1. Quick query: amide H of ALA58 versus all other amide H atoms, modeled in the peptide plane; which residues come in under 5 Å with a sequence gap of 5 or more or a different chain?
2. What is the order of THR51, THR66, fewest Cβ neighbours within 10 Å to most?
3. Any chance you could list the semi-axes, whole Å, largest first, of the equivalent ellipsoid that the Cα gyration tensor gives for the range 14-130, using √(5λ)?
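Since every read-out is calculated from the coordinates, none of them should be taken as a lab result. The model shown is predicted, which means the values in this text are computed figures rather than measured ones. Here the Cβ positions follow ideal geometry from the backbone for every residue, glycine too, while neighbour counts run over all protein chains shown.
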Amino acid sequence: MMRGRMSPSLPSAALLLLVADHQFRDFLVNFLESQEYAPRVVGNPNDALQTLKGLDQALVFVDCQTVSAYGPSLYAKIKVACPASRIVLLCAKSHHDHRDIVKEAMDLGIYACLLAPFAEWEVLAMVRHSQVAKPAGRRQPRSKEKQ
């Protein structure tokens, strides 16, 4: 059994930042790089979708500003480009529609939502969980044997 810190040197999932809020983006880049992860910053959804195509797995951080600008269909587009991607919504309580955006995102099945100010352990938990390979398919239910 392995113990200790998971090695970020061989990630199984790409880390993508589609974050319009420069404070969120700067925090994530600085923190993730200090933990020896290499996040990719993309400027718009088209760049993100092009980057995601062909990837097996990805963890995509998206903020409320980006969702407000491009709409909630962004989540589905990300899932089409990389079906095994996990989406983490970043939101600040100061964003005028944060409650509606968070509720809608959770209803649409995103992986997680973090509210600012983000604790380092919260971000690290999301990243570490993404570095564990996702199962190839859904588990099949156990068959019930008739007695």
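1. Placed amide hydrogens put ALA14, SER85, ARG86 under 5 Å from ALA58.
2. By the 10 Å Cβ count, ascending: THR51, THR66.
3. They are 18, 18, 13 Å, listed from largest to smallest.
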